[in-house]
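Enquirer: Take a look at this one; I'll ask things after.
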Amino acid sequence: MTQLSPRLKQATPVVVDHGEGVYLFDTAGRRFLDFTAGIGVTSTGHCHPRVVEAAQAQVAKLIHGQYTTVMHQPLLALTERLGEVLPAGIDTLFFANSGSEAVEASIRLARMATGRPNIIVFSGGFHGRTVAAASLTTSGTKVRAGFAPLMAGVSVAPFPHAYHYGWDEDTATKFALRELDFLLATQSAPDDTAAFLVEPVLGEGGYVPASTAFLAGLRERADRYGIQLILDEVQTGFGRTGRFWGHDHFDSRADILVMAKGIASGFPLSAIAAPAALMEKAWPGSQGGTYGGNAVACAAAVATLDVIQSEGLVENSAVQGQRLVAGLRATAADHKEIGDVRGLGLMLACEFTTADGSPDTATATRVHAAAAANGLLLLTCGPFGNVVRMIPPLIVTPAQIDEALALWTTSLT
Ligand SMILES: Cc1ncc(COP(=O)(O)O)c(C=O)c1O
């Protein structure tokens, strides 16, 4: 009998039959409030009617129009539409399928454009599971252990994780930038450094927002040394944080922007975006792939952008995020095992710690399982698995936020 790999870890015991909006229904007909959104993917909710309609129409017209053989309309339409949301000056796109693939494309471009070998990443960052992406990932050893040698040319600098260090944001930021300068002086000379690669909010690493001064410090050093600043917005993009891009919170500017997840409501699609003059520096033949820019995924992405804009989902993410974080903070005040509540928009998390400040993985695991049993699906993250995160679809209503908060409070006791 064939079976799934036992290493495909299941966060919940749910076998899902169908999804509708913020809800998932299991094969026995039980309804769950889905605050995982397929790890921050189904931002328009499960099976949004406009996304379904666009995908169904496209399936009947053209499923696969391989994009280095022929060009197709959904890809051209999506390229044009993304121009409405891309930061000024970033006007050229390359499409792939997964976040990992796009991250790899971004570092390939940075290396080719600069002729330099090294990439500097930031502690706690998650950039994917393929060998190069795993080499750039430091959110937990499970992603990178056991299959060395990893890709060479990667150095790790601290991320300003104030709660982890037990400092305020300013102290953590100054420390991170000082250590980055030390790294540039001791390990990866600026002339050998192609790129800084960073998430505006650490995702798998524990839902930790960067700071304005930190990203400004990276920008300043990138400009000073001709290093490319790659912002990995795979999880933070498309309204997740209450602004269209996560880095909008920090007034930052990318050289290369990496996106996936929320772009197509669940269809596999990712992209990198860069100014044309930079993208042109990729070597001929270095960008391509059999499935990249799939026609159905692109049609779904155009519909996703329509929904985000017409239903005001970026604003809703900000407003409902405020409601959720206020509720989480109020609950945390009565639960000393919750050491920190943090995040932006609808990318929020609670970190569980013991009385002496150590990671409390056992309680996080128990509460996460209790929430699922109570009908609220959540995920954990962080290097110790002691951070429980909430990433509902951006269509979530105040009533659903309140329902989730009630289930959360019940699950804590
Ligand atoms: C910030 C970030 N980058 C890259 C990836 C990798 O994306 P994928 O799993 O689609 O390869 C993820 C996935 O969680 C992510 O959160």
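The values are calculated or read from the model by the stated rules, or taken from the named source; none is laboratory data. Just so you know, these numbers come straight off a predicted model, no measurement behind them. We place every Cβ from the backbone using ideal geometry, glycine too, and count neighbours over all the protein chains shown. Side chains are part of the model used for accessible areas, which takes the heavy atoms of the whole protein and leaves out ligands, DNA and RNA. Shrake-Rupley method; radii C 1.70, N 1.55, O 1.52, S 1.80 Å.
Enquirer: Take the residues of segment 117-135 that are in contact (Cβ under 8 Å) with a residue 40 or more places away in the chain and not small (G, A, S): which is farthest from the ligand (Cβ to nearest atom)?
Expert: Only one residue tops the list, namely P117.
Enquirer: Name the single residue, out of those in segment 1-38 being open to solvent by 70 Å² or more (accessible area, probe 1.4 Å) and touching a strand residue (DSSP E or B) at 6+ places or on another chain (Cβ under 7 Å), that is farthest from G203 (Cα to Cα).
Expert: Among those residues, the one meeting the criterion is T27.
Condition check ((1) over 16 Å from L136 (Cβ atoms); (2) basic (K, R); (3) surrounded by fewer than 24 Cβ atoms within 10 Å (Cβ to Cβ)) across all residues:
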{"position": "E169", "(1), (2), (3)": "yes, no, yes"}
{"position": "A185", "(1), (2), (3)": "yes, no, yes"}
{"position": "D192", "(1), (2), (3)": "yes, no, yes"}
{"position": "L202", "(1), (2), (3)": "no, no, no"}
{"position": "G206", "(1), (2), (3)": "yes, no, no"}
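Enquirer: Still on this structure, I have one more. Please state which of the following conditions S5 fails to meet, knowing it meets all the rest: (1) touching an Asp or Glu at 6+ places or on another chain (Cβ under 9 Å); (2) more than 21 Å from I401 (Cα to Cα).
Expert: (1)
Enquirer: Let me ask another. Within segment 62-73, can one find any residue that is surrounded by 12 or more Cβ atoms within 10 Å (Cβ to Cβ) and assigned to a strand (DSSP E or B)?
Expert: Within segment 62-73, none of the residues are surrounded by 12 or more Cβ atoms within 10 Å (Cβ to Cβ) and assigned to a strand (DSSP E or B).
Enquirer: Could you give every pair whose Cβ atoms fall below 9 Å, whose first residue belongs to segment 88-106 and is of a type in the set (G, A, S) and open to solvent by 40 Å² or more (accessible area, probe 1.4 Å), and whose second residue is part of a strand (DSSP E or B) and near the ligand (Cβ under 9 Å from one of its atoms), counting only separations of at least 6 or pairs across chains?
Expert: S98/S270
Enquirer: Tell me, which strands (runs of 3 or more DSSP E) lie completely within segment 201-277 with 1 or more residues that are small (G, A, S) and assigned by TED's automatic domain parsing to the domain that holds A297?
Expert: It comes to 270-274.
Enquirer: Let me ask you something else. Where residues in segment 323-341 are without any contact (Cβ under 8 Å) to a residue 12 or more places away in the chain and not charged (D, E, K, R), which of them is most open to solvent (accessible area, probe 1.4 Å)? Don't jump to the end; show me each part of the working.
Expert: First pass over segment 323-341, keeping only residues without any contact (Cβ under 8 Å) to a residue 12 or more places away in the chain: 326, 330, 333-334.
From what's left, not charged (D, E, K, R): 326, 330, 333.
Details: A326: 59, A330: 63, A333: 84 Å².
So the residue we want is A333.
Enquirer: Hey, can you tell me all the residues within segment 369-413 that are in contact (Cβ under 8 Å) with a residue 24 or more places away in the chain and β-branched (V, I, T)?
Expert: T380, V387, V388, I391, I395, V396, T397, I401, T409, T410 - these are the residues of segment 369-413 that are in contact (Cβ under 8 Å) with a residue 24 or more places away in the chain and β-branched (V, I, T).
Enquirer: Further question: Return the residue satisfying two criteria in turn: it lies in segment 6-38 and is in a loop (DSSP other than H, G, I, E, B), more than 25 Å from the chain's Cα centre (by Cα) and of a type outside the set (A, V, I, L, M, F, W, C), and of such residues it is nearest to P392 (Cα to Cα).
Expert: Checking each candidate, the answer is R30.
Enquirer: If you don't mind, there's one more thing I want to ask. Anything in segment 16-48 that is aliphatic (A, V, I, L, M) and away from the ligand (no atom under 16 Å from the Cβ)? List them, or say none.
Expert: Step one: list which residues in segment 16-48 are aliphatic (A, V, I, L, M), which gives 16, 22, 24, 28, 33, 37, 39, 41.
Hits for segment 16-48 are V16, V22, L24, A28, L33.
Enquirer: Here is a list: T44, T79. Which entry is among the hydroxyl-bearing types (S, T, Y), outside the structural domain of D191 (by TED's automatic domain parsing), under 26 Å from S310 (Cα atoms) and not in a strand (DSSP E or B)? Working first, answer last.
Expert: Working: T79 fails: outside the structural domain of D191 (by TED's automatic domain parsing).
Step by step, each of T44, T79 is checked, and only T44 is among the hydroxyl-bearing types (S, T, Y), outside the structural domain of D191 (by TED's automatic domain parsing), under 26 Å from S310 (Cα atoms) and not in a strand (DSSP E or B).
Okay, residues lined up against (1) within 10 Å of A273 (Cα to Cα); (2) within 16 Å of the ligand (Cβ to nearest atom):
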{"residue": "A77", "(1), (2)": "no, no"}
{"residue": "L82", "(1), (2)": "yes, no"}
{"residue": "V85", "(1), (2)": "no, no"}
{"residue": "A88", "(1), (2)": "no, no"}
{"residue": "G99", "(1), (2)": "no, yes"}
{"residue": "V103", "(1), (2)": "no, yes"}
{"residue": "S106", "(1), (2)": "yes, yes"}
{"residue": "R111", "(1), (2)": "no, no"}
{"residue": "T114", "(1), (2)": "no, no"}
